[in-house]
């Protein structure tokens, strides 16, 4: 994920800045770039609805119109892809231009942007063969993922997944082990009595998943005492196994919302303090410079990836991290205090 710049850097042209806003934050752009950004969102949604249509389902005239609409959408997404490569240094301001563009090309959203263009271009170049068309129609679904850029909730979900990925993977591995163990046990208990129902371990996995997720279709049920005992154990264990991922997600969202509120309050406190400073003493000048940098690299939300590589930005520091004790004479606070004291004493002398 990338940060959203709050204002235009001095070295960036107006054209590049407006292209960047049209792609990342259309509501802050000028009217024409804003309209382009809104049209791009409309194209993403419209292409998602058109995935389920085929040439046999619509009249010929409408099919021709949809064909050209697909061509125009592919061209628009191609231009968007090239523009994102161009403004990648603004998307990753902590990297150099070449590395920022490479970072975007290899990122998940960069690959999705590429998949939104390349398969359709191949289909138009090869021809409207049935196999190619079906494959491209499925790949076009990735265009819907592009909407996550404009949905702050999706970004919060992504950050929670990245923060707690180890716990989530462990919980789903536990679910998988429970499903496999239950499928083997119920298959051994029911295969001889119901060979047509429990004909393989894979069928047992299907039964285990419908039981663990409390779906309960009822098409496959154990009838032997041992099979029902195994089913009872699976149902009891699945209560805890399914509750663990839910608890991880809940705790992650609570932590994410608290972090967002903390950083929002820090931004509100930093801006007035920098504006009201009448004289620029060394410490106040340092605070003002930090506030100015905070205003430039103002994120729409807290981006952990951006925070990890940008330790100089005040609002992305860990709120629980405390400065070293100045009385110990260690750390930057102590050195800064001593330098300020020496400068103040020099001015008095």
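Each reported figure results from applying straightforward, stated rules to the coordinates on display, with no laboratory input. Worth saying up front: this structure is predicted, and the values here are computed from it rather than measured. Heads up, the Cβs are rebuilt from the backbone with ideal geometry, glycines too, and the neighbour counts pull from every protein chain shown.
List of remarks:
- Extension reserve of the residue 157-residue 200 stretch, reckoned as 0.36 nm per residue once the Cα distance is removed: 11.7 nm
- A straight chain from residue 97 to residue 180 at 0.36 nm per residue would run longer than the Cα-Cα distance by 25.0 nm.
- Rounded, prolate or oblate (a/c below 1.5 giving rounded, otherwise prolate when a/b exceeds b/c) for segment 82-216 by Cα gyration tensor: oblate
- With the simple model of a label 7 Å out from the Cα in the direction of the Cβ, residue 42 to residue 242 spans 4.3 nm.
- Gain in span if fully extended, residue 63 to residue 228, counting 0.36 nm per residue against the direct Cα distance: 53.9 nm
- Once the C-beta distance of residue 254 and residue 124 is scaled by a Förster radius of 30 Å, the resulting FRET efficiency is 0.05 to the nearest 0.05.
- Each peptide among 62-70, 21-29 gets the average number of other Cβ atoms lying within 10 Å of its residues, and from highest to lowest they stand as 21-29, 62-70.
- Cα centroid separation, segment 158-188 to segment 9-44: 42 Å.
- Computed E for residue 173/residue 220 - FRET, C-beta separation, R0 25 angstrom, nearest 0.05: 0.50
- Mean separation of Cα contacts under 8 Å (6+ apart) over length of segment 66-116, as relative contact order %: 32 percent
- Once the Cβ-Cβ distance of residue 108 and residue 193 is raised to the sixth power relative to R0 = 51 Å, the FRET efficiency obtained is 0.60.
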